[in-house]
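All remarks here apply to the structure that follows.
The values are calculated or read from the model by the stated rules, or taken from the named source; none is laboratory data. Everything numeric in this text was worked out from a predicted model, so none of it was measured. Cβ atoms come from the backbone with ideal geometry, glycine included; neighbour counts cover every protein chain shown. Protein only, heavy atoms only, side chains kept; ligands, DNA and RNA dropped before computing areas. Shrake-Rupley method; radii C 1.70, N 1.55, O 1.52, S 1.80 Å.
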Amino acid sequence: VQLQASGGGLVQAGGSLRLSCAASGPTFSNYCMGWFRQAPRKEREFVATISPGGGIRYYEDSVKGRFTISRDNAKNTMYLQMNSLKPEDTAVYFCAASTSDTYSSRRAAVYNYWGQGTLVTVSS
């Protein structure tokens, strides 16, 4: 599976962005998918994950109520709708695919494939 993240950019605090992750290959619907982010001088951290069918989702506490993860298996694409953005959301956002269960897919170590990242910058 090859993953291509897009949709990042510069936005003011309180604004919104929607990230997309396009996947190649016929088996996208078999994978748990996730979003992670890495801010400068910080470790990569979990943001959200979604089950293969889309019915189970987990979020990192700081993004709950502001971010929504979704997927369209017919289009081989995953999304991250980000609302009420804060300067501390500034990071490179990565999408990833996992063959593990959704609960375990909150950990970066279980992911099999990673996209190249897209930069989100939130100005105050």
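Sorting 61-70, 43-52 by average packing, meaning the other beta carbons within 10 Å per residue, from highest down gives 43-52, 61-70. Backbone phi angles across segment 102-109, fed through the Karplus curve with coefficients 6.51, -1.76 and 1.60 (θ = phi - 60°), yield HN-Hα couplings of 5, 4, 5, 6, 7, 9, 4, 5 Hz in residue order; Gly and Pro are listed as x. Our coupling estimate for segment 2-10, obtained by passing each phi through the Karplus curve with A = 6.51, B = -1.76, C = 1.60 and θ = phi - 60°, is 10, 10, 10, 8, 8, x, x, x, 9 Hz, Gly and Pro reported as x.
With semi-axes defined as the square roots of five times the eigenvalues of the C-alpha gyration tensor, the equivalent ellipsoid of segment 72-124 measures 24, 14, 11 Å, largest first. For the chain, the solvent-accessible area of protein heavy atoms averages 50 Å² per residue (probe radius 1.4 Å; ligands and nucleic acids excluded). Under the convention that each Lys and Arg Cβ holds +1 and each Asp and Glu Cβ holds -1, the size of the dipole of the chain around its Cα centre is about 60 debye. Rounded to the nearest Hz, the phi-derived 3J(HN,Hα) couplings of segment 19-36 under the Karplus curve 6.51 cos²θ - 1.76 cosθ + 1.60 (θ = phi - 60°) are 8, 10, 9, 8, 10, 9, x, x, 10, 3, 6, 8, 9, 5, 10, x, 10, 10, where x marks glycine and proline. Entry note: the chain has Rg to Rh equal to 0.94, where both radii use alpha-carbon atoms and Rh is the Kirkwood radius. Treating each Cα of segment 28-71 as an identical point scatterer and ignoring solvent, apply the Debye formula and state log10 I(q)/I(0) at q = 0.18, 0.20, 0.21 Å⁻¹. Reported log10 I(q)/I(0), two decimals: -0.54, -0.64, -0.69.
For the chain, the carbon plus sulfur part of the accessible surface works out to 47%, probe radius 1.4 Å.
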